[in-house]
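Notes to accompany the following structure.
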Amino acid sequence: MDVRHNEAAAEKQLVVFNIKQDEYAFDIYYIREVLKMVPVTPLAQQDSVIEGIINFRGEVIPVIDLRRLFGNSKPENTAETRIIIKEFNGNLLGIIVDAVNEVLKVAVENISPPPTVTGGSGKDFIEGIVKVDNRLIIIIKTESLFSTEAIQDECSFTV
């Protein structure tokens with residue numbers, strides 16, 4: 001048995017980011033790249049979860065504003081605003097967040113399941129919660145973002 005494989009399975013690398021003052025994370029496995037904010041070409045739909053599209057290395061990909069998807073009013077972009085490029089089942093999606101803070105290794109055993117009392121528009125997106133020092137970091141399920149009905153309808157994704 002390969003000991004290194006067991007050690008890797010016991011840890012998860014997370015890309016930690018902010019939406020307002022709250023900290024969230026994605027599993028690094030699905031992240032292709034983190035970009036500084038670039039101009040997003042808006043789409044015609046005004047109430048869409050899709051912010052628009054960008055050219056990413058010659059490929060046109062949809063971009064969502066996670067801040068808006070989680071029910072926050074759309075804040076102004078700053079020098080810290082980032083677009084996280086995620087890949088899932090061969091589909092690329094750009095995700096706008098307020099800032100990307102760090103890459104963090106956590107033991108899988110330290111990830112707690114989401115509380116059953118979680119409410120609001122983001123509750124279906126929570127994979128788990130990890131406590132690091134005095135911080136609570138909410139881990140977002142990649143597949144739930146790609147399976148959101150509005151995103152599938154507008155981007156023709158199949159999960």
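The values are calculated or read from the model by the stated rules, or taken from the named source; none is laboratory data. Please read all numbers here as calculations on a predicted model, not as lab measurements. Because the Cβ atoms are built from the backbone with ideal geometry, glycine has one as well, and the counts that use them run over all protein chains shown.
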### Query
Looking only at the stretch 87-103, which residues are among the charged types (D, E, K, R) and either surrounded by fewer than 13 Cβ atoms within 10 Å (Cβ to Cβ) or free of Cβ contacts under 8 Å to residues at least 12 places away in the same chain (or both)?
GLU102
### Message
For ALA25, only one of the following conditions fails: (1) over 16 Å from ASN101 (Cα atoms); (2) at pLDDT 90 or above; (3) of a type in the set (Gly, Ala, Ser). What is its number?
### Response
(1)
### Query
Does ASN72 meet the test of being more than 11 Å from the chain's Cα centre (by Cα), on the phi > 0 side of the Ramachandran plot and not aromatic (Phe, Trp, Tyr)?
no
### Task
May I ask you to say which residue of ALA8, ALA79 is outside any strand (DSSP E or B), surrounded by fewer than 19 Cβ atoms within 10 Å (Cβ to Cβ) and modelled with pLDDT of 95 or more?
ALA79
### Message
Can you tell me which of (1) in contact with a Lys or Arg (Cβ under 6 Å, 6 or more places away or on another chain); (2) modelled with pLDDT under 95 is the one LEU92 doesn't meet?
### Response
(1)
### Task
Scan ILE64, ILE84 and give me the residue that is at pLDDT 95 or above, surrounded by 11 or more Cβ atoms within 10 Å (Cβ to Cβ) and part of a strand (DSSP E or B).
ILE84
### Message
Given the condition more than 13 Å from the chain's Cα centre (by Cα) and farther than 26 Å from VAL132 by Cβ, answer yes or no: does some residue in the stretch 15-32 qualify?
### Response
no
